[in-house]
Ligand code: SF4
């Protein structure tokens, strides 16, 4: 890992993933994707992302805060034509991904979620991953997937801190649907280091510690779960929280894959009715006031009238109550620090946030 001061010399090819369209090229607003050229004060070692992803990424730190992350598309003194061609292909891939996401948004939105699932899995080439935490929405989606006999990678992130009821539902779900759900775990060394530094429940003490715990137990394992995927199926609904109001049926995730929310326009009541009518196995905690269910120490039941996600990290301010699974910016400073770049003067990087 290396750090170096630098300045933004140019901004180009800006895309608004929310609108799935090109945006004004003069600035990178929050959540936008684009190309930036950075002039560094001193050279640092790095590679072009397509040649070495481990040393081909960067993080922008502005006034002590993480302002964005990106991939290194080319290096300033890079005269290798092959490398430039690969970098151009990467940008072209981004353009075609936008076109595909826009087309799927138009064609999937009018359909029933089950038909959306069938169509998405048929039209998106490559590996598709469905991540489940065994909540109401995830269980409904899994039932639909089994009904339409779509074969894909079903994955859960076992943080090690789940409720006993969630583990029991996991086993019951595998029995009912006759499948094995792939479990992805946090890295042992990361867990040991966190517990040594903060204590077993250190996430209660500061927001920073909580984000570090979520990054180590959820976000990093999710990155491994999604490695090599072109599509990611999730149980988001637009009315789950203010933070999720902009949810679309298909969007482009910061990892550069299509993120598909087949229930984006369903209400909680719609999903409950579907689950009841189809005998979908559910977490018994839902009947005890637990609406959004995550790790046991960080989830409580909510009172009637409280927002759906009020029971998650209830000791924090509302605006902070996301773990970063659905936007790495939610994880703030926990974005993994990657090496800043180039071999000699300037780099071009695909940035995934606003600076
Ligand atoms: Fe850690 Fe709580 Fe986040 Fe689970 S929800 S990863 S226990 S901070």
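Bear in mind these aren't lab numbers, they're just calculated from the coordinates by the rules spelled out. Just so it is clear, the structure is predicted and the values come from calculations on it, not from any experiment. With ideal geometry, Cβ positions are generated from the backbone for all residues, glycine too; neighbour counts draw on all protein chains shown.
Neighbour counts of other C-beta atoms within 10 Å: give me 130, 290 arranged from fewest to most.
The order, fewest Cβ neighbours first, is 290, 130.
Students often check this: by mean Cβ neighbours within 10 Å, which of 260-267, 307-314, 200-207 ranks highest, and how do the rest follow?
260-267, 307-314, 200-207
Mind sorting 143, 112 by how few other Cβ atoms lie within 10 Å of their own Cβ, fewest first?
Neighbour counts put them in this order, fewest first: 112, 143.
Highest first, please rank the peptides 131-139, 37-45 by the mean number of other Cβ atoms sitting within 10 Å of their residues.
Most protected by this proxy first, the peptides run 131-139, 37-45.
Run through all the Cα pairs of region 172-290 and give the fraction in each 5 Å bin from 0, expressed as whole percent.
Spelled out per bin, shortest first, that is 2, 9, 12, 14, 18, 20, 16, 7, 2, 0.
Ranking 103, 175, 146 by Cβ neighbours within 10 Å, fewest first, what do you get?
175, 103, 146
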